[in-house]
Structure formats: structure tokens, C-alpha cells
Amino acid sequence: MSGGAILECVPNFSEGVRPEIVRQIVAAMRVEGVHLLDYSLDADHNRSVVTIAGTPAGVMEAAIQAAGRAAHLIDLTTQTGVHPRIGAADVIPFVPVAGISIAEAALIARQAGLQIWRRFGVPVYFYGAAAARPDRVQLEDVRRGQFEGLREAAIKDAARRPDVGGPELHASAGASVVGARSFLIAYNVFLGPRAEITHARAIARDIRASSGGMQGVKALGVLVNGRAQVTMNITDFRLTPMPQVYATVARLAREHGTAIAEGELIGLVPEAACDAGAAWTKCIPDFDPNQKILERRLSHPLDWPEA
């Protein structure tokens, strides 16, 4: 892919168990000028993450169509999983890659959110650089209470109502959180076999920025398939490099009498964040730089699945 502005979008959908459903959602994103870079399903979190990139107009349309398809196929009233969520198309972030500013990405996010409501009746909250209110910049603040809590709060509390549409959430598809942000690295680590969820929670508390830990790091301690996991979003890998995150988690794990067993990377990672032979990537089983580094994927995108 070369020439012109390049915009990335990394929508997260509340479905990670049924591959046929995810394939239909991904297939709906096939728009001229848009390339499929990555998609993965996580059954334990019951969540899928898709990465696309291309022309800003094409990427915006692809995201809108995917939100509509997800609303048709996913019913949150019967969906459960480890990961917090408020929508079928739960979060739709636009990320500038080349030739486009974060402010322009935020404008595209606002336009996409309006179309998601107009076409499909799914209310939208704006976050990140596209946030319409200062208390909605952080994704976790918007998602507080999850689908079950927010559908009640949005009706009773004007401060929790969507930015577009509503005040009621969509009966089965909830609401989508649409925004613009810089690169985010979604990185999880499993702790050793004797580790308990209390260990993972303690480590997460110590490293996340909101608890006085590392800047640009969000973290939770969860239990995934019976294993303690620290699940992280690194929102500024230049401010807090990945080797620092890994080394800190490893040190804290040792202090709790355990260790990092293996890592997991959700989606893609920028080349600048990925030094060859780094410990944080070496602990990821079958890590392939050609498959997981964004810039390499831009040159060799995936084939679109059939609907």
C-alpha cells in the first residue's frame, strides 16, 4: 500500500466463540480502498479484534458496515465473556497511520458514529480524541457498568446517555464506542500454574497508570480458562516502552512467587515498538514479525473471507 493518506481502524466485536459470525462481520468490511490486515477470535474473552487500513473514506464506510452487521448478528442479552463490553460492535477506534492527523481521524469517528445511529439505530458514545465530553475520553469510563448496567443508567441518568441516539440502548446490540486514538498495543501475559487471580489483580493494580503505575498503561487481572492473566493496553509505547512493561510485570510476578508463563498479542504492533529478540515477544508462542507487525502487513494484506 503506498501513496495518499492511510487510516487504520481496529474494531472490537463481542463475539469470539462462533467463527462463522465473525467471518460475516469481517466480510462486510470489504470496501474499495480498504485492506484486511489481521483478525483474531478469543473464546475466553468472547471477543474478536479486526484490523483494517486504507483510504480514510473507505475505512470509515467499512467500519460503519461492520457495526451494522454486528448489530444484526450479535445479541448481548445472551452473550457472556471475561472482557467488559457495552455493544455488539463494542469499540471502534480510528488510528492515523500516514498523511492524516489525529484531529482528522476524530472527525471521521464523529461522522461514522452518526451514520451508525442513522442506518442501524445503534446509539454511539465518542471517546479518545473524538470525545464530546471530558468525562468520556477514557474508554473504561464510558463502559462502566457494561451493557447490563448501562442500559438502565442511560435511561435514569442524563449523564450516562449516548452522545448520538438513545437514550435507550439498542435492545440486543447495546451501544458502540467510537473514537480516535494513537497506536495501542493489546498485550496479555499468563502467570505460572500456581498463580491465583489475586496475584494477577495485584500486578495489574501496581502497573496501571490510574493506580499510580506506568504512564499509558491500562491493566486488569482476570481468570482465563482457569489461568491467572494480566491483560493490558499500552496506549503510548514511546512513553512506556514494551520492554519496560514486560520487565516490570516479570519483577512483580517474582515478588508474588510466580512468573510469566507466556504472552499474547492481540492485533498488530508498530515496527517501532518491536525490537528483534525482545523478551516480551519471545514469550509469545509462534510470534511471526511478518504476520504481527503493522508495516509489514500493509505491504502484504490478508485475503477477505467469504461471507
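Under 21 Å from the Cα of Lys282, which lysines turn up, not counting those fewer than eight places away in the same chain?
Candidates past the 8-residue exclusion: Lys292.
Would you calculate a helix-derived [θ] at 222 nm for the chain, using -39,500 (n - 2.57) for each DSSP H run of n ≥ 4 and dividing by the full residue count, to the nearest 500?
Rounded to the nearest 500, the figure is -9500 deg cm²/dmol.
How large is ³J(HN,Hα), in whole Hz, for each residue of segment 120-133 in order, when computed from phi with the Karplus curve 6.51 cos²θ - 1.76 cosθ + 1.60 and θ = phi - 60°, using x for Gly and Pro?
10, x, 9, x, 9, 10, 9, 9, x, 5, 9, 4, 8, 9
Using amide H atoms built in the peptide plane, which far-off residues or other-chain residues are under 5 Å from Leu302 H to H?
For Leu302, whose amide H was placed from the backbone, the distant partners under 5 Å are Leu36, Leu37.
Where does each of Cys274, Cys283 land when they are ranked from fewest to most other beta-carbon atoms within 10 angstrom? Provide the component values of the computation, followed by the final result.
Numbers: Cys274 21, Cys283 17.
With the sparsest Cβ surroundings first, the list reads Cys283, Cys274.
To the nearest 0.05, how large is the calculated FRET efficiency for Ala98 and Lys156 if R₀ is 45 Å and r is the Cβ-Cβ distance?
0.50
If amide hydrogens are placed 1.01 Å from N in the peptide plane, which non-local residues have theirs closer than 5 Å to the one on Ala98?
Amide H to amide H, under 5 Å and 5 or more residues apart or across chains, Ala98 pairs with Ile6.
Please turn the phi angles of segment 253-267 into ³J(HN,Hα) values with the Karplus equation 6.51 cos²θ - 1.76 cosθ + 1.60 (θ = phi - 60°), one per residue in order, whole Hz, x for glycine and proline.
Karplus-based 3J(HN,Hα) across segment 253-267 equals 4, 4, 5, 9, x, 9, 7, 6, 8, 6, x, 8, 10, 9, x Hz.
Can you sort Asp236, Asp288 so the residue with the fewest Cβ neighbours within 10 Å comes first?
Sorted ascending by nearby Cβ count, the order is Asp288, Asp236.
Would you please name the trypsin sites (Lys or Arg not before Pro) within segment 97-196 that are DSSP coil residues with at most 11 other C-beta atoms within 10 Å of their C-beta?
Arg194
State, to one decimal in nm, how far the label point of Ala27 lies from the label point of Arg254, with both points 7 Å from Cα in the Cβ direction.
Between Ala27 and Arg254, the label points sit 5.1 nm apart.
Using amide H atoms built in the peptide plane, which far-off residues or other-chain residues are under 5 Å from Glu262 H to H?
Close amide H contacts, sequence-distant or interchain: Phe190.
How large is ³J(HN,Hα) for each residue in segment 205-221, as worked out from phi by the Karplus curve 6.51 cos²θ - 1.76 cosθ + 1.60 (θ = phi - 60°), to whole Hz, x for Gly and Pro?
4, 6, 9, 6, 4, 5, 9, x, x, 8, 5, x, 10, 10, 8, 9, x
Using only alpha carbon pairs under 8 Å that are at least six residues apart, calculate the relative contact order of the chain and give it in whole percent. Walk me through the numbers before you get to the answer.
Working: 704 pairs, mean separation 57.0, N = 307.
Relative contact order comes out at 19 percent.
Every read-out reported here was derived from the displayed coordinates using simple, explicitly stated rules and does not represent laboratory data. Quick caveat: nothing in here was measured; it's all calculated off a predicted structure. Because the Cβ atoms are built from the backbone with ideal geometry, glycine has one as well, and the counts that use them run over all protein chains shown.
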